[in-house]
Amino acid sequence: MTDAEADNSQLAASLKDAGNRLFTQKNYQAAHEEYTKAIALDPQNAILWANRSACHLSLKQYLDACGDAVQATRIDPRYYKAFARLATAQDALQEYLPSSLSWQGALDAMPTENLTPVQQRQREEYTERLAEAQLRLRIKSSNMGGPDIRRYRDNELGQPWDIAAGMVDGLRRSRTARSSVWVVNGASKLFDEGVRRMKTAAIRINENGEAGCARIGCSCMQGEEGALSLICNAVLRERRIVHLDDMDNWLMHYNRCGTFERQRHDPWVGLGPDSVKRDAPTRLAEKGWVQVRPDIDLTIRFWILRGLLESSLDNNTRSELEYCRQTLNVIEWGRKEFKDVPLEDKGEVFSDVFLRSVRSHYLKVLLTAYGLQARRQETRENLKHDNSPTEPSWVEGEEDPGYFLSFYDYCKGHAYSIKAYYHSDLALRANPNREEMNRQNKKAAQLYVRAAECYPTDDEEHSKYLGCALQHFRIANALTLRKALDLMERARLSHDVSCKIWNVHPSRRRPKEEQSHQNLVDCEKSLREQLRVLPPGSVDLDGLVVNIAWTVERKFETGSRAALARLEAKQHVM
């Protein structure tokens, strides 16, 4: 060891001690910074990597915790604490197969005899955690649900993507750009082509009839590249089209395709954003964008699809949320780090459109995983709109005019709906301040209307958000008769036209939602019948506040002129 190396090692040890003190004080971010400085001086010290992994665990940055723990095990395969950190992070992501292997790795790395009392307790803990992970894995396997396709009902007309494909020619002839048909058909074509390419991945057979090893680092596989990019783009464009016709077979091809891609490129699979940020600049200096671009691209795709599969197959939204969050982390870092690099060099994952679609995807997962209350600030910070035009335009010869809808209007609509949900939550928190509750509910209603208008009328989201607007205007005591009739009619017409495409979607199988819609239709019909029997001009449509409910819990009771007269007593000027 040179004098310089000895000095670095001594300084790294001092920084490690400082990190340990901060960690004990539960100042995990500051401890992380000290360990990072120490690693820069002594990068082959496995303990430093494992300690920083512990910081990531405490900060709930599970992918980065995995990355640092993996690095520690590579430096010192006998460092059992690093395996334990890795297993703990994998357990937190509810990924019990890899965590079982890591707990076993921790036990295998431990000494087999002359254990200290501390090591004996650690062995007992690791054994218990291994058994727990294996049990959870068995439960997960036995309870594994199916992806969305398994909840779609049979229909002689086919699934939404089949129906959409049959409607494209008619829309093209009529030059109609604003339809969810384009969104569904475009996403489905991407998905189907991605799956086709995915299934081409195979192990080469040599001239002696022997199959290759199918291991990472080898080049024994063949197939068409780009499958994961296409599937990922389809998911970001319209998640509702995801369908795994034969789950076991689909997953086999997916894993084989992943191995094929990793034999040709070097993505940061199993590692976290810190690893990408640390290694990418070095790789770029050595290899350039031609080789590094697909490495970063595949990392992003693997994370998004891994999260999707965990969520779809096992309702593991916690894992999907972590993958989405860290995907955004890397994209936003790369956009700043490589802001002067042309997009064609650094890749589409750093484009505005890709960032917008991932952010929208993340917000959906965020609400599913935690609900609004647990992530209020994080939700607020991600509610950003794009100021692009609001109407898709027909371009002669364009094959897919729904691109605009997918990556602009749908993202806006989803963001508006979450803003509306946010204000609805504020209204609940304002109780018993009736004035503030009404203000927040009215704001939510207005945002739900804006959300609905971002979707074509033949998308089920259009009618759903109009229904939400109706409810919040009513709760805010701001639903005038004119507004009620207008929103009811729009929701009814949208629901009817969207049935052509979405009738087999899971949302149309929930009796509660369908019954509520029927109640709304009955309510609108009753109100219009009552108006017809009243003298023209006898009712102030903009001053009469309608205070009725049509949800399945409180079905509207049709009445007569007397019922409307009772409503008229609640005059309210907007």
**OP:** Quote the FRET efficiency, to the nearest 0.05, computed for Asp7 versus Val118 with a Förster distance R0 of 30 Å and r equal to the Cβ-Cβ distance.
**Re:** 0.40
Original post:
Any idea how far apart Val290 and Asn249 come out in nm if each label point goes 7 Å out from Cα toward Cβ?
Top reply: 4.0 nm
**OP:** Grab the Cα-Cα distance for Leu101 and Val269, subtract it from 0.36 nm times how many residues apart they are, and report the gain in nm with one decimal.
**Re:** 58.8 nm
Original post:
If you average over every viewing direction, what projected area does the convex hull of the Cα atoms of the range 425-527 give, in nm²?
Top reply: 6.7 nm²
Subject >> For the range 1-137: accessible area per residue (Å², 1.4 Å) >> reply: 51 Å²
**OP:** Count the net charge of all other residues whose Cβ sits under 15 Å from the Cβ of Glu33, scoring Lys and Arg as +1 and Asp and Glu as -1.
**Re:** +2
Subject >> Full-stretch length increase - Lys277, Ile203 - with 0.36 nm per residue and alpha-carbon distance subtracted >> reply: 23.4 nm
Subject >> Amide H partners (placed H, <5 Å) of Ser351, local residues excluded >> reply: none
Original post:
In nanometres, what is the gap between the two model label sites at Glu514 and Glu489, each 7 Å from Cα along Cα-to-Cβ?
Top reply: 2.8 nm
**OP:** Would you mind computing, in nm to one decimal, how far apart the modelled labels at Arg239 and Lys339 are, each placed 7 Å from Cα along Cα→Cβ?
**Re:** 3.1 nm
Original post:
Residue-wise, which Karplus ³J(HN,Hα) couplings in Hz belong to the range 246-256, taking 6.51 cos²θ - 1.76 cosθ + 1.60, θ = phi - 60°, and x for glycine or proline?
Top reply: 10, 4, 4, 5, 4, 5, 4, 5, 4, 5, 5
Subject >> Average accessible area per residue (Å²) across the range 195-304 - probe 1.4 Å, nucleic acids and ligands excluded >> reply: 44 Å²
Original post:
What FRET efficiency comes out for the pair Thr24/Arg482, r = Cβ-Cβ distance, R0 = 60 Å, nearest 0.05?
Top reply: 0.40
Original post:
When the accessible area of the range 1-140 is computed with all protein chains present and a 1.4 Å probe, what percentage of it is carbon and sulfur?
Top reply: 51 percent
Subject >> FRET E, pair Glu128, Leu541, Förster distance 60 Å, beta-carbon r, rounded to 0.05 >> reply: 0.30
Original post:
What full-extension length gain, to one decimal in nm, is calculated for Leu534 and Asn503 as 0.36 nm per residue of separation minus the Cα-Cα distance?
Top reply: 7.4 nm
Original post:
So what does the Cα-only Debye profile of the range 11-121 read at q = 0.14, 0.17 Å⁻¹, as log10 I(q)/I(0), no solvent term?
Top reply: -0.54, -0.79
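The values are calculated or read from the model by the stated rules, or taken from the named source; none is laboratory data. In this text the structure is predicted, and so the values were computed from the model without any measurement. FYI the Cβ positions are ideal-geometry reconstructions off the backbone, even for glycines, and counts take in every protein chain you see. Surface areas here come from the heavy atoms of the whole protein model, side chains and all, with no ligands, DNA or RNA. Shrake-Rupley method; radii C 1.70, N 1.55, O 1.52, S 1.80 Å.
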